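Working notes for the structure below.
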Amino acid sequence: MNVSRRTLLKAGLAALAVPSLAACNNGAAARGEGEVIYWLWDSAQLPMYTEAAKVFHEQNPQYSVKIEQYGWGDYWSKLVTGFISETAPDVFTSHSAKYPLFADKGQVLAIDDFVAKDNVDLGIYQKGLADRWVGADGKRYGLPKDFDSEVYFYNSAFTEAAGISPEQLNAMTWNPQDGGTFEEVVRRLTVDAKGRRGDQPGFDKNNIKVYGLGYGDAGGADGQTSWSWYAASNGWKYSEGEPWGTKFFYGDPKFTDTIGWWRGLITKGYMPTYAQAKSGVDITTSFGAGKYAITPNGSWMLGTYQTLKGVQTKLARLPIGPIGKRMSMMNGLADTIWAGTTRREASWAWVKFLGSQTAQDIVAKAGVVFPAVSASLPAAKAKFAANGWDVTPFLETVEAGDVFPYPANPNAADVSAVMTPAMDAVLSFDSPLSSLAKANDDVNKILAANA
C-alpha cells in the first residue's frame, strides 16, 4: 500500500463523525433484517468463509451472511468510502494497524457488553491476541481470527550447492558489527556472474547472478518483512507505550546501527540495490526465478511460495540477535462490527461464531493461515504438513513468547507518511543514517499535535 493511499485514507477518516443510526440503514430495504454483509480481502480464504457462513446459517437460521471480497489495494479505500457514505459492511476483517484510527473516529463498535453477556471465553486464543483488540480507551473492538509471524524461505538447492546444512541455517546468529554467522551464510550463498561466491577470491560484487538475501521494500514504519526482527533482537522497540506508540524511537542507535548493518549488505553485493528490489518484480517472483537464495516473509505467503515451480523451497528460523533471542513480529486479524450497522445482534452473532473453534477449525483445515484459537492450530499444522511445509520456524517464537506486536496507533497513516520515504531514502543511500533521527522527531511532533 503506497504512502499517498495511506494518507488519503487518513484524510478521509479525519472528516468522519460517528454515524447516525437513524440515517444509515445499510441497505435494509434491499435485504432482510437478518442478513449480514461481511467483507474480507483474501481471495484464498473466500472458500473457507463461504463454508463457515453456511454452517453459521444452519446453526442460526434467523441469520444469513453475504460475503464480499476485494483486493487489498481497494479494500481499505472502499471501506472508508462506506464509512463516509454510511454504506459500510456490517462486519469486516480488520488489521491491527487500522482499527485504532477507526475506533478513534467512532467507526467500529465496542463489543464489551456482547462479550460479557454471552460469557465469551477469551482464553481460547493464542496468548496476547485478544489483547491486541483492546483500544487505548480500554474497550474491545474485535475477536481474533488468525495470527502470523515471519521466517526465511530458502532455496534448498542453493544451500546444498553451497555446502550449508539445515542445521546451520536454523542456528544462525547476527550482530550489527560483523553480521555474525547469518552474514557468513548470506555471503556464501551470493554468487557472481562467473560463479564465484561471496567468500571466494575474485568475487565481483557488481555483477551478481544470485543474491544471498532478497527483500521487497525498505520497511517503512514497521519493517514487518524486512528489518523488524533484526532490530527487535538488538534490543530495540518501536515506541513508548508499545504497541500504541506514544513516543517513537527511530533515532535510537539500536535501530540506526541495525539499519546501517542491513543496508551495508547492499554495498557488499549480498543484497540487491533498492532500485533493483523495487524494479516491478516482487520478491517471490524473483525468488522463484532463482535470483535470491533466501527471502524473509510472513506466514500468510506460504500459499504463494507453494505455487512456485521448479524451486525447492524450505523454511528456516530467524537469527538469534545480540539480546540472545530470535524475535518475530506477531500480528493478527480480527472481525469487527461497523458502528453504523442497524443489525447489531446479527452482526455480533456472526463475529462470535467467527471467533469460535467451530469456525476456526473450518479455516484451519484449509492450511492457509494459522487460526487464533489454540485448539484449532493442530488442524492447520497437519494441513501445512500435507502440503509439504514444516511450519515449526513460524511457531517456535510464538510458543516461546519471543514476539513483539505490530506497531499500531490512530496516527499510523501519518507515521507511515513520514517513515516510508525516510526509509526509502536511507536504503537508496540518498540520505544518511542520521536522517532517521530527524524523521523520528517529525513523527513525535505529529503524535504530540494529535494527543
Can you tell me the orientation of helix 180-189 relative to the chain, as the angle in degrees between its alpha-carbon axis and the longest Cα principal axis, to the nearest 10?
80
Efficiency of FRET from Cβ geometry, Q306 and K117, R₀ 35 Å, rounded to 0.05:
0.25
Taking neighbour counts of Cβ atoms within 10 Å as a proxy for exposure, in what order, fewest first, do D282, D137 appear?
D137, D282
What is the fewest-to-most order of H95, H57 by other Cβ atoms lying within 10 Å of their Cβ?
H57, H95
By how many nm would the segment from T342 to E58 grow when fully extended, if each residue of separation counts as 0.36 nm and the alpha-carbon distance is taken off?
100.0 nm
Full-extension gain between D441 and Q177, please, as 0.36 nm times their residue separation minus the C-alpha to C-alpha distance.
92.4 nm
I need the calculated FRET efficiency for the pair N450 and S428, taking r as the beta carbon distance and R₀ as 41 Å, to the nearest 0.05.
0.90
Phi-based couplings in Hz for the stretch 367-382 (Karplus 6.51, -1.76, 1.60; Gly and Pro marked x):
x, 10, 9, 8, x, 6, 6, 4, 5, 8, 4, x, 5, 5, 4, 5
Which peptide among 220-227, 60-67, 234-241 comes first, and what is the full order, when sorted by highest mean count of other Cβ atoms within 10 Å?
220-227, 234-241, 60-67
Only helices counted: for the chain, with every DSSP H run of 4 or more residues adding -39500 (n - 2.57) and the sum spread over all residues, [θ] at 222 nm is -11000 deg cm²/dmol
What are the ³J(HN,Hα) values, in whole Hz, obtained from phi via the Karplus relation 6.51 cos²θ - 1.76 cosθ + 1.60 with θ = phi - 60°, for each residue of the stretch 210-224 in sequence order, with x given for Gly and Pro?
10, 7, x, 9, x, 7, x, 7, 7, x, x, 8, 10, x, 3
Pairwise over distinct Cα atoms, reciprocal of the mean inverse distance: report the Kirkwood radius of the stretch 78-153 in Å, one decimal place.
13.9
Run down the aspartates and glutamates and flag those whose C-alpha is under 14 Å from the C-alpha of K78, throwing out any fewer than 8 positions away in its chain.
E68, E86, D90
Under 5 Å between amide hydrogens, which residues at least 5 positions from V36 or on another chain qualify, with H placed 1.01 Å from N in the peptide plane?
S64, V65, K66
Once you place label points 7 Å from the Cα toward the Cβ at A386 and E33, how far apart are they in nm?
4.3
Residue exposure sequence - M48, M330 - by fewest surrounding Cβ within 10 Å
M48, M330
With Rg from the Cα atoms and Rh as the Kirkwood inverse mean 1/r over Cα pairs, the stretch 83-235 has an Rg/Rh of 1.16
In µm²/s, what is D for the stretch 175-300 at 4 °C and 1.567 mPa s, where D = kT/(6 pi eta Rh) by Stokes-Einstein and Rh is the Kirkwood radius from Cα pairs?
84
When all C-alpha to C-alpha distances in the stretch 278-405 are sorted into bins of 5 Å, what percent of pairs does each bin hold, rounded to whole numbers?
2, 9, 15, 17, 17, 15, 11, 8, 4, 2, 0
Fraction of antiparallel bridges per DSSP, the chain only, in percent to nearest 5
65
The stretch 346-451: relative contact order from alpha carbon pairs under 8 Å, six or more residues apart, as a whole percent, is 14
Residues meeting the amide H criterion for L213 (H placed from the backbone, H to H distance under 5 Å, 5 or more places apart or on another chain) are A293, I294
Taking all pairs of distinct Cα atoms, average 1/r, flip it, and tell me the Kirkwood hydrodynamic radius of the chain in Å to one decimal place.
23.0
Which percent of Cα pairs goes in each bin when the distances of the stretch 146-236 are cut into 10 angstrom slices starting at zero?
14, 42, 35, 8, 1
On a 21 Å Cα-Cα criterion, which of the cross-link pairs K209/K268; K139/K365; K247/K445; K54/K352; K291/K381 come out too long?
K139/K365; K291/K381
What number, in percent, do you get for the relative contact order of the chain if the mean sequence gap of Cα pairs under 8 Å and at least 6 apart is divided by its residue count?
25
How large is ³J(HN,Hα) for each residue in the stretch 87-103, as worked out from phi by the Karplus curve 6.51 cos²θ - 1.76 cosθ + 1.60 (θ = phi - 60°), to whole Hz, x for Gly and Pro?
10, 5, x, 4, 9, 8, 6, 10, 10, 5, 7, 9, 5, x, 5, 4, 5
Specify the angular offset, from 0 to 90 degrees and rounded to the nearest 10, of the alpha carbon long axis of helix 253-267 from the longest principal axis of the alpha carbons in the chain.
60
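Any read-out appearing in this document is the output of simple, stated calculations on the displayed coordinates, not a laboratory observation. Note that the coordinates shown come from a computational prediction; the quantities given were computed from them, not determined experimentally. No Cβ is skipped: glycine too gets one built from the backbone with ideal geometry, and neighbour counts run over all protein chains shown.
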